[in-house]
Amino acid sequence: MSCPMVGGCAVFNDKMGAMPSMANIFKKKFCNNDDNFENCARYIVKQATGVAHPSLMPNQNENLDAVIADVKAGKV
Ligand code: SF4
């Protein structure tokens, strides 16, 4: 099973700007990786808030508690 969010995810659907090589790395490391998609920062934030972060990258796992708080407060 791949990440259940692939259908609406901007990274998976190449909506995050012109960086297809990086997107492909993320897809392999997270989106299509049964053992790792739950470690994706975007997945974690969406699970915690119900909101898809507009710019967070899958490997931006630093300070996720603060990111989640900002999203919940409507600051993102
Ligand atoms: S693993 Fe992360 S980047 Fe990939 S589809 Fe899921 S939420 Fe999006």
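None of the figures in this text is laboratory data; all of them are computed from the coordinates on show. Model, not experiment: these values are computed from the prediction. When we count neighbours, we look across all protein chains shown, and the Cβ atoms used for this are built from the backbone with ideal geometry, even at glycine.
Test of understanding: what is the full-extension gain from LYS15 to LYS75, defined as 0.36 nm times their sequence separation minus their Cα-Cα distance? Don't jump to the answer; show the numbers that get you there.
Working: separation 60, 0.36 × 60 = 21.60 nm, distance 2.13 nm.
Here the segment from LYS15 to LYS75 would lengthen by 19.5 nm.
For a quick check: sort VAL71, VAL6 by the number of other beta carbons within 10 angstrom, fewest at the front. List each step's numbers first, then the result.
Values: VAL71 20, VAL6 14.
Listed from fewest to most nearby Cβ atoms, that is VAL6, VAL71.
Are there any trypsin sites (Lys or Arg not before Pro) in the range 3-47 that are in a DSSP loop and have at most 13 other Cβ atoms within 10 Å? List them by number. Display every interim value, and only then the final one.
Details: sites: LYS15, LYS27, LYS28, LYS29, ARG42, LYS46; in loops: LYS15.
Loop-located and lightly packed - LYS15.
Can you put SER55, SER21, SER2 in order of Cβ neighbours within 10 angstrom, beginning with the fewest? Walk me through the intermediate numbers first.
On the way: SER55 10, SER21 6, SER2 13.
Lowest count first: SER21, SER55, SER2.
I'd like the per residue volume of the convex hull spanned by the Cα atoms of the range 6-72, given in cubic angstrom. Intermediate values should be presented prior to the final figure.
Details: hull volume 5.3 nm³, N = 67.
Spread over its residues, the Cα hull of the range 6-72 gives 79 Å³ apiece.
Find the lysine pairs in the chain meeting two conditions, Cα atoms under 20 Å apart and a separation of 8 or more places or different chains, and report how many there are.
9
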